[in-house]
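Here the structure comes first, spelled out in structure tokens, and everything after it is commentary.
The values are calculated or read from the model by the stated rules, or taken from the named source; none is laboratory data. Predicted model, so just to flag it, every value in this text is computed and none were measured. No Cβ is skipped: glycine too gets one built from the backbone with ideal geometry, and neighbour counts run over all protein chains shown. What goes into the accessible areas is simple: the full protein's heavy atoms, side chains included, and nothing from ligands, DNA or RNA. Shrake-Rupley method; radii C 1.70, N 1.55, O 1.52, S 1.80 Å.
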Amino acid sequence: MKKKSTSTDMTAMCDVAFLLLTFFILTATAKVPEVMPVDTPASTVQTKLPEKDLATLTIGKGKVFFDVKGKDVRVRTLELMGDKYGLTFSDDDKNKFAVMESFGVPVQNLKQVLDASPSERKSIQQPGIPKDSLDNQLADWVQNARIANIEKHDKELELAIKGDAKEEYPVIKRVMDILQDQKINNFSLVTGLRGKEK
Amino acid sequence: MAELNTGDGGGKKGSKKVRSKKGNNKVDLTAMVDLAFLLITFFMLTTTLSKPQSMNLGLPDKDPDKDKNKDVKVDENRTMTILLGDNDKLVRYVGLLATPVSGGAPKEFAYGKDGIRKELLSRKDAVLQYTGNKDKGMIVIIKPSKKSNYRNLVDILDEMAIVNVPTYAIVNDFTPEETKLLGEPVSAAPAATPANP
């Protein structure tokens, strides 16, 4: 009886495996470090958030951070905010802003954050975006992001609220009110995943 | 499985010292493939699972002009009011607070499967029997107090989704009686604590 060789030719398999590997590495997006980590409450609802045309309001410790997806939208939003508050941003600032993670400073202090290197940003104390009725920058950010998104993508911007589980309700309500003042009555609440049975 | 094939299968044993053995051009790729697939699995799972979950919430239109916000009148037999308090406290009553329907006096419940969900399910059936109309289901009014936190709100909205409550609303104004209901520590008996005789 002829002894069969047990070794297989792995070359083709290896080729395929690495091809797929390359694909997944390239399509994967690096996770941007969160300036303010929040613990989202769990829910059983399994709707995924859209990938683009989305603005996220992160709420934690009474502070609100703002983030909007899409580089072109971000740049346009910053331009509109600059116009509104009489600030000028250089092209360099805009480029930095386009790739920045979420932020939580008044627009007047935004330049400081932009000038800092990504590693330094973590150490900057970000007080949150002003949202009281006298200085309601949050509403302006939302408004301008919506305008920018319609200009760039011709689509209505979707809003998501990402709140910390321990956040007290009045703060959440305040943010919801700001959205409702702009007739945004439909938005998403970002939640963690929980199994069907608790 | 993975052994190197050394060209000739030891046929000429003991022959002269192999001088120029033909270089074996096969490399064992098993380990490499193992590693590649491990990484593939990793990247596949991280790309698809990292997308955050979300829950959709629609709120009714709010008119800045207070007078235009019309109060909607609903049948009290269909409503259940859920009050969210601090420290994960949850109180519900059915119907009006002054005149709750039978078994609907204010009572404290726990979050989750064995608490409020059972109650919601049984009430939902009861309301359907009462109206006899599929389109007129239960109405749940959620009132988060100032002390409640965001997790409570998401939890209760999640219950709405699980139980499939047809109509629910988040209402922010509290009557003094309701505040009392949440504020006062419920004494030893965790059962019904009727606020109004």
Legend entry - Unmet requirement for A:F65, which otherwise passes all of (1) of a type outside the set (G, A, S); (2) farther than 25 Å from A:S123 by Cα; (3) surrounded by 12 or more Cβ atoms within 10 Å (Cβ to Cβ): (2)
Legend entry - A:T56 hydroxyl-bearing (S, T, Y), under 10 Å from the mean Cα position of the chain (by Cα) and crowded, with 18+ Cβ neighbours inside 10 Å: yes
Legend entry - Residue match in the stretch A:80-91 (condition: at pLDDT 85 or above and either among the β-branched types (V, I, T) or more than 16 Å from A:Q137 (Cβ to Cβ) (or both)): yes
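Looking at A:S188, is it surrounded by 19 or more Cβ atoms within 10 Å (Cβ to Cβ) and either under 30 Å from B:K113 (Cβ atoms) or of a type outside the set (K, R) (or both)?
Values: surrounded by 19 or more Cβ atoms within 10 Å (Cβ to Cβ): yes; either under 30 Å from B:K113 (Cβ atoms) or of a type outside the set (K, R) (or both): yes.
For A:S188, the condition - surrounded by 19 or more Cβ atoms within 10 Å (Cβ to Cβ) and either under 30 Å from B:K113 (Cβ atoms) or of a type outside the set (K, R) (or both) - is met.
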Inset, instruction - Look through the stretch B:148-162, keep the residues that are touching a helix residue (DSSP H, G or I) at 6+ places or on another chain (Cβ under 8 Å) and at the interface with another protein chain (Cβ under 7 Å from one of its Cβ atoms), and return whichever of them is nearest to A:A165 (Cα to Cα). - result: B:Y150
Inset, instruction - Look at B:K146 and say whether it is open to solvent by 20 Å² or more (accessible area, probe 1.4 Å), at pLDDT 80 or above and in a loop (DSSP other than H, G, I, E, B). - result: yes
Legend entry - Failed item, numbered, when A:E151 is tested on (1) over 18 Å from the mean Cα position of the chain (by Cα); (2) at pLDDT below 85; (3) away from chain B (no Cβ under 14 Å); (4) open to solvent by 40 Å² or more (accessible area, probe 1.4 Å): (2)
Legend entry - The one condition in (1) at pLDDT 85 or above; (2) open to solvent by less than 40 Å² (accessible area, probe 1.4 Å) that A:F18 fails to fulfil: (2)
Legend entry - Qualifying residues in the stretch A:1-15 (those that are surrounded by 10 or more Cβ atoms within 10 Å (Cβ to Cβ) and more than 9 Å from chain B (Cβ to nearest Cβ)) - the one nearest to B:I40 (Cα to Cα): A:D15
Legend entry - Residues satisfying the stated conditions in the stretch A:57-76, i.e. within 14 Å of A:K162 (Cβ to Cβ) and more than 9 Å from chain B (Cβ to nearest Cβ): A:L57, A:T58, A:G60, A:K61, A:K63, A:V64, A:F65, A:F66, A:D67, A:V68, A:K69
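Within the stretch B:30-117, considering only strands (runs of 3 or more DSSP E) that don't extend past its boundaries, which have at least 1 residues that are modelled with pLDDT of 75 or more and among the polar types (S, T, N, Q)?
Working: elements: B:53-58, B:79-84, B:90-94, B:107-109.
So the answer is B:53-58, B:79-84.
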Inset, instruction - Among what's in the stretch A:154-171 and is at the interface with chain B (Cβ under 10 Å from one of its Cβ atoms) and of a type in the set (D, E, K, R), pick the residue that is most open to solvent (accessible area, probe 1.4 Å). - result: A:K166
